[in-house]
Amino acid sequence: MAIRARENVIGAWAFLFGIILAIVGGFVATFIAGGKQTLTQGILGLLSVLGLVVGYFVAEKDVKTFLFASVSLVIVSFAGLQGGVLSAAILGVVNVNKLITNVLGALMFLFVPATIVVALKMVFSIAKSWWF
């Protein structure tokens with residue numbers, strides 16, 4: 001039986017809830033609103049707060065892995081939002097293009113604050129090791 005660490009349970013639950021909210025919010029904004037509406041400001045604000053919580057609770061041993069993965073995801077999401085390759089690949093399928101745009105945008109609202117918090121924590125950790 002594996003032993004589980006309980007040091008970042010809050011961050012893990014915030015991350016899981018944020019991912020689910022981003023995906024469900026993308027589907028709702030695309031299909032229920034008929035593809036005419038993007039995510040509401042309340043959902044995007046909640047995703048940003050969840051991103052701050054996730055970033056705060058990332059363990060120090062996982063900082064490099066988290067930064068590598070989150071920066072990769074933010075770059076790919078940004079490229080997907082620009083839609084150059086995406087529009088060419090899904091010509092004529094408007095709902096799928098809008099769905100992907102909504103989900104990627106929501107994921108960026110989750111990951112950008114988390115990435116900023118973790119990067120700042122790492123910078124302060126490096127600065128602290130230099131001074132003390």
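Read-outs: derived from the displayed coordinates by stated rules, not from any lab. None of the values given here were measured: they were computed from a predicted structure. So basically every Cβ, Gly included, is an ideal-geometry build from the backbone, and we count neighbours across all protein chains shown.
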Obtain the nm distance between the two label points defined at Leu52 and Asn8 by a simple spin-label model: each point lies 7 Å from its Cα along the Cα-to-C-beta direction. 2.0
Sort 25-32, 50-57 by packing, meaning the average of other beta carbons within 10 Å per residue, with the highest value first. 50-57, 25-32
Between the modelled labels at Val71 and Phe31 (7 Å from Cα along Cα→Cβ) the distance in nm is 3.6
Plugging the Cβ-Cβ distance of Gln82 and Phe17 into 1/(1 + (r/R0)^6) at R0 = 25 Å yields, to the nearest 0.05, a FRET efficiency of 0.35
